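Working notes for the structure below.
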Amino acid sequence: MWQVAPAGDRALLVTLGRSIDPELLGQVLALDQALQDRRPIGLVSTVTAYGALLCHYDAAATDPARLEDAIRELEGKVEASIPSGAIVDIPTRYDGPDLPEVALRTNLTPADVIERHAGREYLVYCVGFAPGFTYCGAIPDEIAVPRLASPRLRVPAGSIGIAGRQTGIYAVESPGGWNLIGRTALRLFDPAADPPARFRPGDRLRFLPAS
């Protein structure tokens, strides 16, 4: 059963599950599309994530109970599928400052870490934390390492990191605690573009080593 709870005074958080799973993300995206196709009165915007959908509403046009009723009418009726869009290649220079430490902690060589990270297909599960930051999964267990004990105050835009079984791309300069193993020159966030973020949940990408 979906869980629907207030998120501030102008939003509802609809939680479908609490795992990082392609099928669960497919359900979230299907619910989001259903709400876009038959937009309830007062719904302003939505934000998708791993297993949840945040629904912003206009308090002058609706109230939480009415919006929740409209959302629950869709429970068990949306048709979900695992996202399967085109794969976007990300040219990557594997020269991140944490690559040697990741190799040491996983009993691999830096070349082994690169080989296991590159070339495989990743699903974008969420975009957020900082503008355009792209959360992807899942990396192989062999190179999974926890976040840094002390986050950096400055991580350059384009940096590629890993944390747990996720890999991500810093689209703008920001603080961050992921293990930086590489970087890309692609611009992933442009405030003047529509949409400003290059990726969105459900997209697929692949890191390709570049010299």
Item to check | Separation between Cα centres of region 170-208 and region 33-95, rounded to whole Å | outcome: 21 Å
Checklist entry - Taking one equal scatterer on every alpha-carbon of the chain, how large is log10 of I(q)/I(0) by Debye at q = 0.11, 0.15, 0.16, 0.17 1/Å? => result -0.58, -0.96, -1.05, -1.13
Checklist entry - Measuring from label point to label point, each 7 Å out along Cα→Cβ, what is the A65 to S84 span in nm? => result 4.4 nm
Item to check | region 87-209 - percent relative contact order, Cα under 8 Å, separation 6 or more | outcome: 36 percent
Checklist outcome for this item: Listed with the fewest Cβ neighbours within 10 Å leading, Y135, Y170 appear as Y135, Y170
Item to check | In nm, spacing of pseudo-spin labels at L208 and R72 (7 Å Cα→C-beta vector) | outcome: 5.0 nm
Checklist outcome for this item: What helix-only [θ] at 222 nm does the chain give? Using -39500 (n - 2.57) per DSSP H run of at least 4, over all residues, to the nearest 500, the answer is -5500 deg cm²/dmol
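First obtain the Kirkwood hydrodynamic radius of region 75-164 from its Cα pairs, then insert it into the Stokes-Einstein equation at 20 °C and 1.002 mPa s, and state the resulting D in µm² per second as a whole number.
Values: Rh = 15.2 Å.
Roughly 141 µm²/s, to the nearest whole number.
Every number in this text was worked out from the coordinates using simple rules, so none of it is lab data. No experiment lies behind these values; they were computed from the predicted model shown. Please note: Cβ atoms are built from the backbone with ideal geometry, for glycine as well, and neighbour counts cover all protein chains shown.
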